[in-house]
Amino acid sequence: MKSLEIIGYYRKENQMGAKAAHLLRLEGYVPCVLYGTGEDNKHFYVPNILFRDLIYTSKVHTVVLNIEGDIFNAIVQDYQTHPVSDVMMHVDFLSMKEDKAVKIDVPVKLIGRSLGEQKGGRMVLKMRKLKVKALPANLPDNIEVNVEKLDLGKSIKLSEIGEREYEIMNNPLVSIATVTIPRTLRTGGGAEGTEEEGAEEEAEA
């Protein structure tokens, strides 16, 4: 998985607390905390603009935190945004160690054009991200799922995508993608038509 460098600055004693955090946000900074270093938690702040390519994106990255010259490899564990403006309010980071697995949400990437699409169906991606547990060296940029054999009204489940160098934490019975059947291709009536319509309604839900 690719990494992004985030440059931060330690919060001094007079910069701690809710009021100080509010002032930092007004100045264009985001209060942050780094957990899991084996020492005390690191309280620091980061220019808001640096989160543009880390959080406001469909891609996922690990992070090289540079806090006044102290370097930490980390992942984003949690973050909070303003409910109206969507401005970043707070970010929690988790320190990574080479021999310790971490959990992170990774985007799904569909590979190929399915049989169902070639017949006029529509591909619906139902799981845009999956939760992965892996050593830092094995974290993937995305999870590739081949859908070329997927026919009309069919779904591909998590259990069907094969073994990886990482563990996927989601329910193996969950559907990742479905090829829905357009109304013009439905047979209408009968068990087959009901089954196909049910598959489409499930996908759209």
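The values are calculated or read from the model by the stated rules, or taken from the named source; none is laboratory data. Because the structure is a prediction, the values reported are computed rather than measured. We place every Cβ from the backbone using ideal geometry, glycine too, and count neighbours over all the protein chains shown. The accessibility values were calculated without ligands, DNA or RNA, using every heavy atom of the protein model including side chains. Shrake-Rupley method; radii C 1.70, N 1.55, O 1.52, S 1.80 Å.
Brief remarks on what is shown
- Criterion (outside any strand (DSSP E or B) and touching a helix residue (DSSP H, G or I) at 6+ places or on another chain (Cβ under 6 Å)) met by exactly one of 120, 116: 120
- Condition met for residue 86 (closer than 22 Å to residue 140 by Cβ and at pLDDT below 95): no
- Scanning the range 37-49 for residues that are under 20 Å from residue 15 (Cα atoms) and either in contact with a strand residue (DSSP E or B) (Cβ under 6 Å, 6 or more places away or on another chain) or open to solvent by less than 80 Å² (accessible area, probe 1.4 Å) (or both) returns 41, 42, 43, 44, 45, 46, 47, 48.
- Residue tally, condition modelled with pLDDT under 85 and either open to solvent by 90 Å² or more (accessible area, probe 1.4 Å) or closer than 28 Å to residue 143 by Cα (or both), over the range 163-198: 8
- Of all residues in the range 39-89 being touching a residue at least 24 places away in the same chain (Cβ under 8 Å) and assigned to a helix (DSSP H, G or I), the one that is nearest to the chain's Cα centre (by Cα): 51
- Within the range 1-22, considering residues that are hydrophobic (A, V, I, L, M, F, W, C) and in a strand (DSSP E or B), the one farthest from residue 42 (Cα to Cα): 4
A quick yes/no check of all residues on (1) at pLDDT below 95; (2) open to solvent by 40 Å² or more (accessible area, probe 1.4 Å); (3) charged (D, E, K, R); (4) at positive phi:
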residue: 99; (1), (2), (3), (4): yes, yes, yes, no
residue: 102; (1), (2), (3), (4): yes, no, no, no
residue: 117; (1), (2), (3), (4): yes, yes, yes, no
residue: 122; (1), (2), (3), (4): yes, yes, yes, no
residue: 138; (1), (2), (3), (4): yes, yes, no, no
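- Hey, residue 93 modelled with pLDDT of 95 or more, more than 19 Å from the chain's Cα centre (by Cα), surrounded by 15 or more Cβ atoms within 10 Å (Cβ to Cβ) and of a type in the set (A, V, I, L, M, F, W, C) or not: no
- Top-ranked residue in the range 1-29 [being among the aliphatic types (A, V, I, L, M) and open to solvent by 70 Å² or more (accessible area, probe 1.4 Å); ranked as nearest to residue 166 (Cα to Cα)]: 7
- Odd one out for residue 81, checked against (1) at pLDDT 95 or above; (2) more than 19 Å from residue 131 (Cβ to Cβ): (1)
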